[in-house]
Amino acid sequence: PGTNWSNDPQDIAMMDTGGGIAWAIKTDGTLWAWGSKGSDGSLGQNQAPAQGASVSSPIQIPGTTWEDVSAGNYAMSATKTDGTLWMWGDNSVGQLGLNNEIKYSSPVQVPGTWSMASQNEDAAAGVKTDGTLWIWGANWGGQLGLNQNADGAATVKISSPTQIPGT
(Lines give C-alpha, C1' and ligand atoms only; values in the text may rest on other atoms or scores of the structure.)
Protein backbone atom coordinates (compact mmCIF):
# COMPACT_ATOMS: atom_id res chain seq x y z
CA PRO A 1 0.00 0.00 0.00
CA GLY A 2 1.72 3.17 1.17
CA THR A 3 1.10 6.57 -0.31
CA ASN A 4 2.80 5.79 -3.59
CA TRP A 5 0.10 6.59 -6.11
CA SER A 6 0.86 5.47 -9.61
CA ASN A 7 -0.43 7.08 -12.77
CA ASP A 8 -2.42 3.92 -13.42
CA PRO A 9 -6.11 4.68 -12.73
CA GLN A 10 -6.62 0.97 -12.08
CA ASP A 11 -4.91 1.46 -8.68
CA ILE A 12 -7.98 3.41 -7.51
CA ALA A 13 -11.16 1.41 -6.90
CA MET A 14 -13.31 4.47 -6.11
CA MET A 15 -13.13 8.11 -5.01
CA ASP A 16 -15.43 10.71 -3.45
CA THR A 17 -15.14 14.27 -2.21
CA GLY A 18 -17.24 16.38 0.11
CA GLY A 19 -16.87 19.32 2.45
CA GLY A 20 -13.19 19.91 1.80
CA ILE A 21 -12.09 16.27 2.07
CA ALA A 22 -11.13 13.79 -0.63
CA TRP A 23 -11.36 10.02 -0.19
CA ALA A 24 -9.92 7.18 -2.23
CA ILE A 25 -10.12 3.42 -1.91
CA LYS A 26 -7.23 1.67 -3.56
CA THR A 27 -7.66 -1.69 -5.28
CA ASP A 28 -5.94 -3.29 -2.28
CA GLY A 29 -8.93 -2.26 -0.10
CA THR A 30 -7.17 0.52 1.80
CA LEU A 31 -9.05 3.78 2.44
CA TRP A 32 -7.26 7.13 2.31
CA ALA A 33 -8.34 10.67 3.25
CA TRP A 34 -6.92 14.18 2.92
CA GLY A 35 -8.12 17.76 3.11
CA SER A 36 -9.63 20.04 5.73
CA LYS A 37 -12.43 19.65 8.31
CA GLY A 38 -10.33 17.53 10.63
CA SER A 39 -11.80 19.33 13.65
CA ASP A 40 -15.14 17.53 13.23
CA GLY A 41 -13.48 14.12 13.05
CA SER A 42 -14.28 13.51 9.41
CA LEU A 43 -10.67 12.59 8.56
CA GLY A 44 -11.22 9.46 10.65
CA GLN A 45 -7.91 9.65 12.49
CA ASN A 46 -9.21 9.58 16.09
CA GLN A 47 -7.98 13.13 16.57
CA ALA A 48 -9.14 15.58 19.23
CA PRO A 49 -10.80 18.75 17.84
CA ALA A 50 -7.70 20.80 18.69
CA GLN A 51 -5.59 18.41 16.62
CA GLY A 52 -7.92 18.55 13.64
CA ALA A 53 -5.77 20.47 11.23
CA SER A 54 -5.92 20.08 7.48
CA VAL A 55 -3.94 17.24 5.95
CA SER A 56 -2.47 17.86 2.52
CA SER A 57 -1.31 14.34 1.73
CA PRO A 58 -3.26 11.06 1.92
CA ILE A 59 -3.47 9.34 5.30
CA GLN A 60 -4.78 5.82 5.69
CA ILE A 61 -7.95 5.02 7.62
CA PRO A 62 -7.30 1.77 9.53
CA GLY A 63 -8.40 -1.41 7.77
CA THR A 64 -7.88 -3.12 4.44
CA THR A 65 -11.29 -4.34 3.29
CA TRP A 66 -13.01 -1.04 2.42
CA GLU A 67 -15.36 -1.25 -0.55
CA ASP A 68 -17.31 2.02 -0.86
CA VAL A 69 -17.17 5.50 0.69
CA SER A 70 -19.57 8.44 0.68
CA ALA A 71 -18.55 11.89 1.84
CA GLY A 72 -20.88 14.44 3.34
CA ASN A 73 -19.81 17.91 4.37
CA TYR A 74 -18.98 16.91 7.94
CA ALA A 75 -19.67 13.18 8.21
CA MET A 76 -18.55 10.11 6.28
CA SER A 77 -19.89 6.64 5.65
CA ALA A 78 -18.05 3.63 4.26
CA THR A 79 -18.84 -0.04 3.74
CA LYS A 80 -16.47 -2.97 3.92
CA THR A 81 -16.49 -6.11 1.81
CA ASP A 82 -18.12 -8.04 4.70
CA GLY A 83 -21.22 -5.80 4.53
CA THR A 84 -20.46 -3.74 7.62
CA LEU A 85 -21.22 -0.02 7.59
CA TRP A 86 -18.94 2.43 9.34
CA MET A 87 -19.57 6.14 9.99
CA TRP A 88 -17.64 9.01 11.57
CA GLY A 89 -17.49 12.81 11.82
CA ASP A 90 -20.08 15.35 12.95
CA ASN A 91 -23.23 13.87 14.44
CA SER A 92 -25.07 16.97 15.65
CA VAL A 93 -28.39 15.80 14.17
CA GLY A 94 -27.89 12.04 14.41
CA GLN A 95 -26.57 11.71 10.85
CA LEU A 96 -24.22 8.88 11.84
CA GLY A 97 -27.12 6.53 12.66
CA LEU A 98 -25.70 5.55 16.05
CA ASN A 99 -28.73 6.49 18.20
CA ASN A 100 -26.98 9.52 19.69
CA GLU A 101 -25.57 12.92 18.75
CA ILE A 102 -21.95 12.28 19.73
CA LYS A 103 -19.18 13.30 17.31
CA TYR A 104 -16.82 10.44 16.38
CA SER A 105 -13.32 10.99 15.01
CA SER A 106 -12.75 7.38 13.99
CA PRO A 107 -14.98 4.85 12.20
CA VAL A 108 -17.81 3.37 14.32
CA GLN A 109 -19.90 0.44 13.07
CA VAL A 110 -23.62 0.87 12.41
CA PRO A 111 -25.49 -2.37 13.22
CA GLY A 112 -26.73 -4.49 10.33
CA THR A 113 -25.41 -5.83 7.04
CA TRP A 114 -25.35 -3.22 4.29
CA SER A 115 -24.82 -3.28 0.55
CA MET A 116 -24.39 0.49 0.23
CA ALA A 117 -24.76 3.84 1.98
CA SER A 118 -24.81 7.47 0.99
CA GLN A 119 -24.14 10.57 3.06
CA ASN A 120 -24.95 14.22 2.70
CA GLU A 121 -24.46 17.09 5.12
CA ASP A 122 -27.17 16.23 7.64
CA ALA A 123 -28.65 12.88 6.61
CA ALA A 124 -27.66 9.46 5.38
CA ALA A 125 -29.35 6.56 3.62
CA GLY A 126 -28.38 2.95 3.28
CA VAL A 127 -29.58 -0.21 1.61
CA LYS A 128 -29.29 -3.41 3.62
CA THR A 129 -28.36 -6.67 1.93
CA ASP A 130 -32.05 -7.72 2.08
CA GLY A 131 -32.94 -4.82 -0.27
CA THR A 132 -34.59 -2.60 2.36
CA LEU A 133 -33.93 1.15 2.37
CA TRP A 134 -33.08 2.94 5.61
CA ILE A 135 -32.67 6.67 6.36
CA TRP A 136 -31.51 8.78 9.33
CA GLY A 137 -30.40 12.30 10.26
CA ALA A 138 -32.18 15.65 9.93
CA ASN A 139 -35.39 16.04 7.99
CA TRP A 140 -34.76 19.45 6.43
CA GLY A 141 -37.62 19.86 3.96
CA GLY A 142 -38.72 16.23 4.14
CA GLN A 143 -35.51 14.65 2.79
CA LEU A 144 -35.95 11.60 5.03
CA GLY A 145 -38.97 10.47 3.01
CA LEU A 146 -41.00 9.55 6.09
CA ASN A 147 -44.03 11.75 5.34
CA GLN A 148 -43.13 14.11 8.18
CA ASN A 149 -43.56 17.84 7.87
CA ALA A 150 -40.35 19.76 8.40
CA ASP A 151 -40.08 23.52 8.12
CA GLY A 152 -36.44 23.97 9.15
CA ALA A 153 -37.20 25.45 12.57
CA ALA A 154 -38.96 22.31 13.83
CA THR A 155 -36.64 19.81 12.21
CA VAL A 156 -37.35 16.17 12.90
CA LYS A 157 -34.13 14.34 13.76
CA ILE A 158 -33.79 10.58 13.61
CA SER A 159 -30.54 9.25 15.04
CA SER A 160 -31.08 5.55 14.24
CA PRO A 161 -31.62 3.95 10.85
CA THR A 162 -35.36 3.96 10.11
CA GLN A 163 -36.80 1.83 7.33
CA ILE A 164 -38.57 3.38 4.37
CA PRO A 165 -41.53 1.10 3.55
CA GLY A 166 -40.98 -1.44 0.77
CA THR A 167 -37.99 -3.23 -0.69
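The values are calculated or read from the model by the stated rules, or taken from the named source; none is laboratory data. These numbers come from a predicted model, not from an experiment. Here Cβ is always computed from backbone atoms with ideal geometry, including for glycine, and neighbour counts include all displayed protein chains. Please note that ligands, DNA and RNA were not included when accessible areas were found on the heavy atoms of the full protein model with its side chains. Shrake-Rupley method; radii C 1.70, N 1.55, O 1.52, S 1.80 Å.
Under a 1.4 Å probe, what is the accessible area of segment 90-161 per residue, stated in Å²?
On the way: 3350 Å² over 72 residues.
Result: 46 Å² per residue.
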Ranked from highest to lowest mean number of other Cβ atoms within 10 Å per residue, what is the order of the peptides 133-141, 69-77, 112-120? 69-77, 133-141, 112-120
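Can you give the FRET efficiency to the nearest 0.05 for Ser115 and Thr17, using r as the Cβ-Cβ distance and R₀ = 22 Å? Spell out each step's value before the answer.
On the way: r = 22 Å, r/R0 = 1.02.
That pair, Ser115 with Thr17, gives E of 0.45.
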If the chain between Gln163 and Thr27 were fully extended at 0.36 nm per residue, the gain over the current Cα-Cα distance would be 45.8 nm
Check: C-alpha center segment 20-34 vs C-alpha center segment 111-129, spacing in Å is 18
Accessible surface of segment 74-167, 1.4 Å probe, proportion on carbon and sulfur as whole %: 51
Pull out the extension gain between Val156 and Asn100, defined as 0.36 nm times the separation in residues minus the alpha carbon to alpha carbon distance; nm, one decimal. 18.8 nm
